[in-house]
1. Per-residue counts of other Cβ atoms within 10 Å, averaged by peptide: what ranking do you get for 5-15, 73-83, highest first?
2. How about the chain: what cysteines have no other cysteine beta carbon under 4.7 Å from their own?
3. Near the amide H of R27, under 5 Å away, which other amide H atoms are found, from residues 5 or more places off or on another chain, if H is placed in the peptide plane?
4. Taking springs between alpha-carbon atoms closer than 10 angstrom, which of G35, G137, G258 fluctuates most in the Gaussian network model of the chain?
5. Counting only the backbone N, which residues of segment 26-60 are under 20 Å from the spot 7 Å out from the Cα of K183 toward its beta-carbon?
6. Where is the GNM fluctuation largest for the chain (alpha-carbon springs, 10 angstrom cutoff): V299, V25, V271?
7. Any of K132/K183; K10/K254; K222/K254; K10/K139; K146/K183; K222/K281 with alpha carbons more than 23 Å apart? Name them for me.
8. How much net charge surrounds F188 when only the other residues with a Cβ under 14 Å from the Cβ of F188 are counted, with Lys and Arg +1 and Asp and Glu -1?
Amino acid sequence: MIIEVEKLRKEFNGIVAVDSISFSVERGEIFGFLGPNGAGKTTTINMLTTLIRPTSGTARIAGYDIVQQPEQVRRRIGLVPQEVVLEGDLTARENLVFHGMLYGLSRQQVESRIPELLAIVELEERADSKVKTFSGGMKRRLELVKVLIHEPEVIFLDEPTVGLDPQTRRRIWEYIRTLNTEKGVTVFLTTHYMEEAEQLCDRVCIIDHGRILDIDPPERLKHKVGEGEIVEIELTARCEEFVKELEEAGLRVKSARGCRVSVVAERSEKVLAEVFSLAQKLGTSISSISVREPTLEDVFIHYTGRSIRDEQGGDTRIKQIARRLKH
């Protein structure tokens, strides 16, 4: 195992941000931390990358203790934080040289690696352009390879595609896969995007309120929910009565928000027949209906009773911590 974490805990003025978590990551794996804002994802990365000290517990990266041997850990890791950290008045090449020299590499060593790294993210033609002329997606791509200049064994990506448009996000996914397969680096990824976790990760750790709820490959997590298919219905009227009728008919209503209703179906054709029959009975119309496979969103709801999207409007726990630190 290249990352070993045991009972890692972090408190801020008595508020628990990470609650005694334990897990391990295999060398060469893309490992995902999936959870809403305030779940403890960034705090965990900050501890593993030696930016903050844990309150208790231990963790080792490539065999080195994050508290006792921080310098050894830093030599073996790279970090892409949520915020872009590049010098806008420097060119892409100059940014890479500057970053490499911070790690004690000679200019010659850095220069020899730059063409390959920029080629990975399709920026070789912009090597001598100032970074302030780059788009947000281009800056993120440069950040991805900047952390490889000293050839780390593990890279930590904290919400690497947040704020990017869907097309750019998918290109970033391709680059991350390339870094993992061609450069052989282990990737530790935090995200609140379900699709991102499903597309990229060999295993996903679901975390909420600082606690790990489960760890497994995405498909196995979805299988654990054991829900079969999900029938999603949108009605035009008499929604509450419709939901009550569904439940009285023995159907499992997964969620009901206004006139949007989701029903669990082992056999979707049987559920569909029942749905249309009940709608006709109540004299209401179905404006849309669809059948889909379970997703990691369904897994999250299964464990927490709410959607991960419900948490994206505000980071309540971190706001609480910030208030406490001010006083």
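Derivation of every value follows stated rules applied to the coordinates shown; laboratory data play no part. Note that the coordinates shown come from a computational prediction; the quantities given were computed from them, not determined experimentally. Cβ atoms come from the backbone with ideal geometry, glycine included; neighbour counts cover every protein chain shown.
1. On the way: 5-15: 16.2, 73-83: 19.0.
The peptides rank, most packed first, as 73-83, 5-15.
2. C201, C205
3. So R27 has HN proximity to I2.
4. G258
5. 26-33, 45-46, 48-51
6. Of V299, V25, V271, the Gaussian network model singles out V271 as fluctuating most.
7. On the way: K132/K183 28 Å; K10/K254 34 Å; K222/K254 15 Å; K10/K139 31 Å; K146/K183 13 Å; K222/K281 34 Å.
Beyond 23 Å between Cα atoms: K132/K183; K10/K254; K10/K139; K222/K281.
8. Values: positive: R27, K41, R60, R76, R203; negative: E4, E26, E29, E153, D158, E159, E196, D202.
So the surrounding residues net to -3.
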